[in-house]
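Values in this text are rule-based calculations from the coordinates and carry no lab data. These numbers come from a predicted model, not from an experiment. So basically every Cβ, Gly included, is an ideal-geometry build from the backbone, and we count neighbours across all protein chains shown.
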Amino acid sequence: MLRLIPGDPAQIMLGEHATVEQVAQFRADSGLDQPLPAQYLGYVGGLLRGNWGRSIKTNVPVTAELAERIPATVELTLTAMAIVCVVGIPAGVLAAFRRGSALDLVASGGTLIGVSMPLFWLGLLFGHFFGYRLGWLPTSGRLTIGVELEPISIVHALSQALPKLLTARLNAGIDFISNFYVLNSILTANHTALADSLRHLCLPSLTLSTVPLAVIVRMTRSCTLDALGQDYLQTARAKGLPERDVLLRHALRNALPPIVTVIGLQTGSLLGGAILTETIFSWPGIGQYVVNRVLARDYPAVQGVVLVIALLVVLTNLAADICYVYLDPRIRYE
Amino acid sequence: MQSRRGIAGLLILVLISCTAALAPWLAPYDPLEQHILERRSPPSIQHPLGLDELGRDNLSRVIYGARLSLWVGVTAVLLALVIGVPLGTIAGYRGGWIDSLVTSVMDVMLAFPTVLLAIAVVIVLGRGLTNGMYALAFAQIPTYARLTRVGVLAVKEREYVLATRVVGAGPIHLLWRHILPGCLMPLQTQAMIGIGTAILEMAGLSFLGLGAQPPTPEWGAMLGQGRGAIFAAPHIVLFPGLAIMLTVLGFNLLGDGLRDVFDPR
């Protein structure tokens, strides 16, 4: 689909003063002179060998650029997901248990407004209020200038004894993990960096969690109400179980499987929202990366981001399906 | 049977639609007219919503923005319906390899976040309001295709459909007169919610600079252009955002209301 873009990417990259020979050489070097099916097969073969191409804009391997940025997006998305689960599920359950109460009305109204609100607008308002007016939280980047965060070096001592190829791959892996700033600061016991990185995470993750939070609260409320209407709860009460056990061990346990599935499905929404959130808060993840590269028509970079996001969505849904199997024994036996 | 939410949503949408229709008479200024010496001015009697980064009246731009947003939302959903409903109908009615192929393609499309899919289409077609609208229509096709397919699968095995087939009705007659009408209710509900979603996502694309281009008074573009001045003049981003939220809320309430009326469960 990207190849349908009018205009020659080689000409665009080399500029209007490039000679015909230079453009032809660039097209040959980049494989742009091959037929489309051959380009596709070459690309898939490269993917499987770990070669995702070079960015047309920077000439750096796409894998290297993505490896630098994926941890930022994953950290942001996981934090937002944690907020959704920790706040959303209890809020939905409480709203269901106290149906018709003021809490239920506030939850229903709040969720309706939450799914209607543009999250980039909310991000701008959060930044203005909490960042500029109150000065409580930073509004851009992942760390304050001057806060140092060393790469994780616990394995570097071991790397002397290991074969060179394994050392190189291990170091690349460690560098990748080092870009998870919260994890890095915990592993290196850097309390200053931990506090600073968490402060920087607050506004972007709160913004990003808004819409999925509203969806999960509605979904949890609906599933819990369904579960509360089931006959087996009457049986549990008739057996003499305390009301707390009836609600938590029976009603909530049976309400959870579809909620977990919806949480998994919300990953796509979170990753899409990350594109906007990272732009607002200058968060150096793959969302901001893809917006910059789209405008530059950097095919390999955009293809890499689309692939990574699709993989993340598939992996998260797989994890949700595995949780579903654990939560619902009937699935195991089918 | 009435739904208070549906009525509230309808009232909001009537207000927004009237504003859009009467924009040339309601807007106090031309949305492109600049009062450059008074740029970023806060709300006042002359300019109730203030002036933007280039000294243009915010109220006039918000009013004209309603036209664009409603046009984008409705057209994107109509296009998605025109393509998605036939796809879903063929997949559900014929079954077999056609069903598998259509379902697989729709599932692949649904694996991508809508914003990312829309971005990918926009870089093929180019930036702009119309191309952004095509991108959003493309991203919504799988939703309506799947909804139609599920509806057709459920309805086509009902006794009255089988009876109609037995007396010799052809597939076109069956689909048009008997099967599709049974699938309309969920499509209507989803369409209302889909219009709100399209408006929200168009605003997002315009905010990123991939949708409406300056000086078009589209709400998302206004937010994107006013971003740099948020600390000095927050009113520039406050009112377009409120307008987006109110419009999308209206469509969501109406969609919920339709669901309450036609599917009380």
Ordered by packing density, taken as the mean number of other Cβ atoms within 10 Å over each peptide's residues, highest first, how do A:197-210, B:38-51, B:82-95 rank? A:197-210, B:82-95, B:38-51
What is the helix-to-structure angle for B:4-21, meaning the angle in degrees between its Cα long axis and the longest Cα principal axis of chain B, kept from 0 to 90 and rounded to the nearest 10? 60 degrees
Once you place label points 7 Å from the Cα toward the Cβ at B:Trp71 and B:Val150, how far apart are they in nm? 3.4 nm
If N is the number of residues in the range B:1-118, what value comes out of its Cα radius of gyration divided by 2.2 N^0.38 Å? 1.62
Can you give the helix-only mean residue ellipticity at 222 nm for chain B, where every DSSP H stretch with n ≥ 4 adds -39500 (n - 2.57) and the sum goes over all residues, rounded to the nearest 500 deg cm²/dmol? -24000 deg cm²/dmol
Rounded tilt (10° steps) of B:96-111 against the dominant C-alpha axis of chain B: 20 degrees
Cα pairs beyond 28 Å in chain B, in percent, come to 44 percent
Once you place label points 7 Å from the Cα toward the Cβ at A:Val87 and A:Asp104, how far apart are they in nm? 2.3 nm
Env charge @ B:Arg61, Cβ radius under 13 Å, K,R +1 / D,E -1, value -4
How crowded by other chains is B:107-116, given as the mean number of beta carbons from other chains within 10 Å of each beta carbon? 6
If you stretched the chain out fully between B:Val166 and B:Val105, how much longer would it get, using 0.36 nm times the residue separation minus the C-alpha to C-alpha distance? 18.6 nm
Per-peptide average of other Cβ atoms within 10 Å, ordering B:152-160, B:7-15, B:136-144 highest first: B:136-144, B:7-15, B:152-160
For the range B:178-193, in order, what is each residue's ³J(HN,Hα) by Karplus, 6.51 cos²θ - 1.76 cosθ + 1.60 with θ = phi - 60°, in whole Hz (x at glycine and Pro)? 10, 7, 4, x, x, 9, 5, 4, x, 5, 4, 4, 5, 4, 4, 5
Long-range HN-HN contacts of A:Arg54 with modeled amide H, under 5 Å: A:Val62
Given a Förster radius of 35 Å and the C-beta distance between A:Leu198 and A:Asp321 as r, what FRET efficiency does 1/(1 + (r/R0)^6) yield to the nearest 0.05? 0.70
Applying a 10 Å radius around every beta-carbon, put A:130-143, B:175-188, A:291-304 in order of their mean neighbour count, most first. A:291-304, B:175-188, A:130-143
Mind checking the mean number of beta-carbon atoms from other chains within 10 Å of the Cβ atoms in A:110-120? 6
Taking just the alpha carbons, could you work out the radius of gyration and Dmax for the protein assembly as shown, both in angstroms? 26.3, 87
With the 8 Å Cα cutoff and a minimum separation of six or more residues, chain B has a relative contact order in percent of 28 percent
Once you keep just the Cα pairs under 8 angstrom separated by 6 or more residues, what percentage relative contact order results for the range B:8-58? 29 percent
